[in-house]
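Peer 1: Dropping a structure here in structure tokens format, bear with me for questions.
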Amino acid sequence: MIRQTIDEIIVRPAPGDPRRAIVQAGSLNFRAALGRSGRSSRKREGDGATPIAAMRILYGFYRRDRLAGPLATRLPMATIDAAMLWCDAPADANYNRPVRAPFVPSHEDLKRGDGLYDICLVMDWNMSSRRRNLGSAIFFHCARPGYPPTQGCVAIDLRDMRRLLPLIGPRTVVRVV
């Protein structure tokens, strides 16, 4: 059974390391990784920064081949397959959008071998009103062991993501402060 969803997830910098954060969702707190350049209010494509912004969670992707059982969530979720990519080429009409292989312009594979996108939530950064070079593929996804920096996303442990997912709905906003 899915409980009531939370309206806001707060992402605060962790003391001592600008590439780490504390994620607060209601009474729950989780460790997180941020971008290799920390946080920025002037996000640009390829800068490695996590945008300081309020971003609604739009929908998600997951690896059915890696996760047992159904995911408890109110978000629209799609199964990742080998042809799923994300365009990060600012000059392309598909910039900051999911695309399908074969796709020649610069892109990111969503079916990764490292588990980062076993659960991957798409946040509304440069999506509703896209502008070239303002950043693409800002996701809320799974972290690597030890929480090394991301390319600009917010990443938490898979176990924590599974705990948080039932509380996230289409109105939930991630606020990076």
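Peer 1: Roughly how many debye, to the nearest 20, is the charge dipole of the stretch 8-176 about its Cα centre, given +1 on each Lys and Arg Cβ, -1 on each Asp and Glu Cβ, and no other charges? Working shown, then result.
Peer 2: Details: 27 positive and 15 negative charges, 77 e Å.
Dipole of the stretch 8-176, to the nearest 20 debye: 360 debye.
Peer 1: Restricting to the stretch 23-177, what percent of DSSP beta bridges are antiparallel, rounded to 5?
Peer 2: The answer is about 70 percent antiparallel.
Peer 1: Mind sorting His107, His141 by how few other Cβ atoms lie within 10 Å of their own Cβ, fewest first?
Peer 2: Working: His107 20, His141 25.
Ranking His107, His141 by Cβ neighbours within 10 Å, fewest first, gives His107, His141.
Peer 1: Could you tell me whether the stretch 1-113 comes out rounded, prolate or oblate from its Cα gyration tensor? Rule is a ≥ b ≥ c as square roots of the eigenvalues, rounded for a/c under 1.5, then prolate if a/b exceeds b/c, otherwise oblate. List each step's numbers first, then the result.
Peer 2: Details: a/c = 1.98, a/b = 1.13, b/c = 1.76.
Here the stretch 1-113 falls in the oblate category.
Peer 1: Which loop trypsin sites (Lys or Arg not before Pro) in the stretch 30-80, with loop taken from DSSP, have no more than 10 other Cβ atoms within 10 angstrom of their Cβ? Provide the component values of the computation, followed by the final result.
Peer 2: On the way: sites: Arg31, Arg36, Arg39, Arg42, Lys43, Arg44, Arg56, Arg63, Arg64, Arg66, Arg74; in loops: Arg36, Arg42, Lys43, Arg44, Arg63, Arg64, Arg66, Arg74.
For trypsin sites (Lys or Arg not before Pro) across the stretch 30-80 that sit outside H, G, I, E and B with at most 10 neighbouring Cβ atoms in 10 Å, the list reads Arg42.
Peer 1: From the helices alone, meaning DSSP H stretches of at least four residues, give me the mean residue ellipticity at 222 nm for the chain, per-run term -39500 (n - 2.57), in deg cm²/dmol to the nearest 500.
Peer 2: Details: 1 runs with 7 residues, N = 177.
Result for the chain: -1000 deg cm²/dmol, rounded to the nearest 500.
Peer 1: Rounded, prolate or oblate: pick one for the stretch 69-134, where a ≥ b ≥ c are the square roots of the eigenvalues of its C-alpha gyration tensor, a/c under 1.5 means rounded, and failing that, prolate if a/b is larger than b/c, else oblate.
Peer 2: Numbers: a/c = 2.38, a/b = 1.41, b/c = 1.69.
It comes out oblate by the Cα gyration axes.
Taken together, the values in this text are just the output of simple stated rules run on the coordinates, not laboratory data. In this text the structure is predicted, and so the values were computed from the model without any measurement. We place every Cβ from the backbone using ideal geometry, glycine too, and count neighbours over all the protein chains shown.
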